[in-house]
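Novice: Supplied in structure tokens, the structure appears directly below.
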Amino acid sequence: MADTGTIGWKGYMKLSSTEVGTKLLPFNTEDLTENIEAIPNDGIHGGGVTELDGVFGSRHNMAIGAANYTGNISGDVFGGSGQYASAFRILMDASIGRSSGNHTRRLEGFTESYPIVVAPSGETAFQYPSNTVTNAKTGATDTLTTPVKALVNTMTLNGNPGGNVGYTANIMATSRREVTGVKPTVADFSYEAVSNLDDSNPVPYWSASFALVGTGETFGGGVSYDLEDMINDWTINIDNSSQPVRTFNGNNVATDMVQGLMKITGSFSYYSPTGTFTSTLNNGATLTLTLGSLVLKSPYVFFTTAPIPNQGMDAVVYRNVQFECLAANNLASLYIQA
């Protein structure tokens, strides 16, 4: 048998949803895996007077604890009209909901029928979640009747100056299983035509629009510069506070996975062409982040820290602003513009 090797470019990921179907999404790195907790026994033990310094000076009993399925997936953001953009939209839907008033996709995440499938090296593939698992005690295959889910716990979007806009998603699942017959075909891969339409390309930093309206920044004396044109870096952090639910159900996998409160924070940096910054930014500004055909919006931005810096000789002075997004006007704190 030929040694074909195992190297990163063979890995793949497929995402599924009721609205979009099953799509392939390239990733840069992933470490989504199974972790079994060990529950030690710390009871007093001894081997008798002849074994005072024997093996019984070590812990020797251990119980199988909870099975955890979690890890990070990182890659480039796709925002055109191709398959990769559709796949990234599935991931965003599971992160913040499908629209301004519909958080159902954030709450239900990925399911047995519409899962995440990841193959780290292109051979063995794992589906998250799974309604069948191996019982840790008996070794039998159990069919779960509980709500199996995989959720996006946290997600970070990064402007990545000089590169492509990137993301890192932390996934938490109730369960997983090994699957076969899901390898991508040639038709699953999107290749950019010889043009500049960028439908199947990742979003480069310069074409991502991070637009804030209503900050009150005037750059000194009401000079008419657009703040959007002065921003040189940005980050958005999504935290869903995902939590596993564990019960006495005869299996060490989670019974359910639930989403907590969605908290949106972030930062951005910008410079002033005049060398002057407005001392206090106005809370209540709106944010529109455009990533190709994908548009994210926040109805209310609360600025938490906005120092006016001095970075030293021969260094461009950038102001770094920390913020939190809040819900307003019946709109979620961060939502996808339909």
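All of the numbers you see were taken from the coordinates with simple rules; none came from a lab. Keep in mind the model is a prediction, meaning the values are calculated, not measured. Cβ atoms come from the backbone with ideal geometry, glycine included; neighbour counts cover every protein chain shown.
Novice: Within a Cβ distance under 14 Å of PHE303, other residues only, what is the Lys/Arg minus Asp/Glu net charge?
Specialist: Charge balance near PHE303 sits at -1.
Novice: For ASN329 and VAL258, calculate 0.36 nm times their separation in residues minus their Cα-Cα distance, and state this gained length in nm to one decimal. Spell out each step's value before the answer.
Specialist: Working: separation 71, 0.36 × 71 = 25.56 nm, distance 2.59 nm.
The span from ASN329 to VAL258 would gain 23.0 nm if fully extended.
Novice: Pairing the Cα long axis of helix 83-96 with the longest principal axis of the chain, what angle in degrees results, from 0 to 90 and rounded to the nearest 10?
Specialist: Result, in degrees: 80.
Novice: Checking the cross-link filter: which lysines have an alpha carbon closer than 27 Å to that of LYS137, excluding same-chain neighbours under 8 positions apart?
Specialist: Filter leaves LYS149.
Novice: Counting only Cα, what are the radius of gyration and maximum Cα-Cα distance Dmax of the chain, in Å?
Specialist: Rg then Dmax for the chain, in Å: 24.4, 88.
Novice: Excluding same-chain residues fewer than 8 positions from LYS10, which lysines have a Cα within less than 25 Å of its Cα?
Specialist: Hits, sequence-local ones excluded: LYS23, LYS183.
Novice: Take every Cα-Cα pair in region 294-338 and report what % of them are more than 11 Å apart. Provide the component values of the computation, followed by the final result.
Specialist: On the way: 697 of 990 pairs.
For region 294-338, the share of Cα pairs beyond 11 Å comes to 70 percent.
Novice: If you don't mind, there's one more thing I want to ask. Going by the alpha-carbon gyration tensor, a ≥ b ≥ c the square roots of its eigenvalues, is region 115-191 rounded (a/c under 1.5) or, if a/c is not under 1.5, prolate (a/b greater than b/c) versus oblate?
Specialist: Oblate.
Novice: Name the lysines eligible as straight-distance cross-link partners of LYS297: C-alpha to C-alpha under 19 Å, and not fewer than 8 places from it in the same chain.
Specialist: Cross-link targets: LYS263.
Novice: On to the next question. Using the per-residue mean of other Cβ atoms lying within 10 Å as a proxy for protection, in what order, highest first, do the peptides 317-326, 170-179 fall? Can you show the working numbers first?
Specialist: Numbers: 317-326: 18.4, 170-179: 21.9.
Per-residue mean Cβ counts within 10 Å order the peptides as 170-179, 317-326.
Novice: Let me ask you something else. Give me the percent relative contact order of the chain, please, defined on Cα pairs under 8 angstrom at least 6 residues apart.
Specialist: Working: 832 pairs, mean separation 57.7, N = 338.
Worked out over the chain, it gives 17 percent.
Novice: Between SER207 and ASP239, with labels modelled 7 Å along Cα→Cβ, what's the label distance in nm to one decimal, could you check?
Specialist: Computed distance between label sites SER207 and ASP239 equals 3.3 nm.
Novice: What value, in deg cm²/dmol to 500, does the helix sum -39500 (n - 2.57) over DSSP H runs of n ≥ 4 give at 222 nm once divided by the residues of the chain?
Specialist: -2000 deg cm²/dmol
Novice: Regarding region 211-326, what is the average projected area of its C-alpha convex hull, in nm²? Walk me through the intermediate numbers first.
Specialist: Details: hull surface 42.4 nm².
About 10.6 nm², averaged over all directions.
Novice: Still on this structure, I have one more. Counting other beta carbons within 10 Å of each Cβ, put PHE303, PHE110 in order, fewest first.
Specialist: So the ranking, lowest neighbour count to highest, is PHE303, PHE110.
Novice: Suppose each label sits 7 Å from its Cα in the direction of the beta carbon; what would the GLN337-ASN61 distance come out to in nanometres?
Specialist: Reported label-point gap for GLN337 and ASN61 is 6.3 nm.
Novice: How long is the gain from ALA38 to PHE189 if the chain were fully straight, where each residue apart is worth 0.36 nm and the alpha carbon distance is subtracted?
Specialist: 50.3 nm
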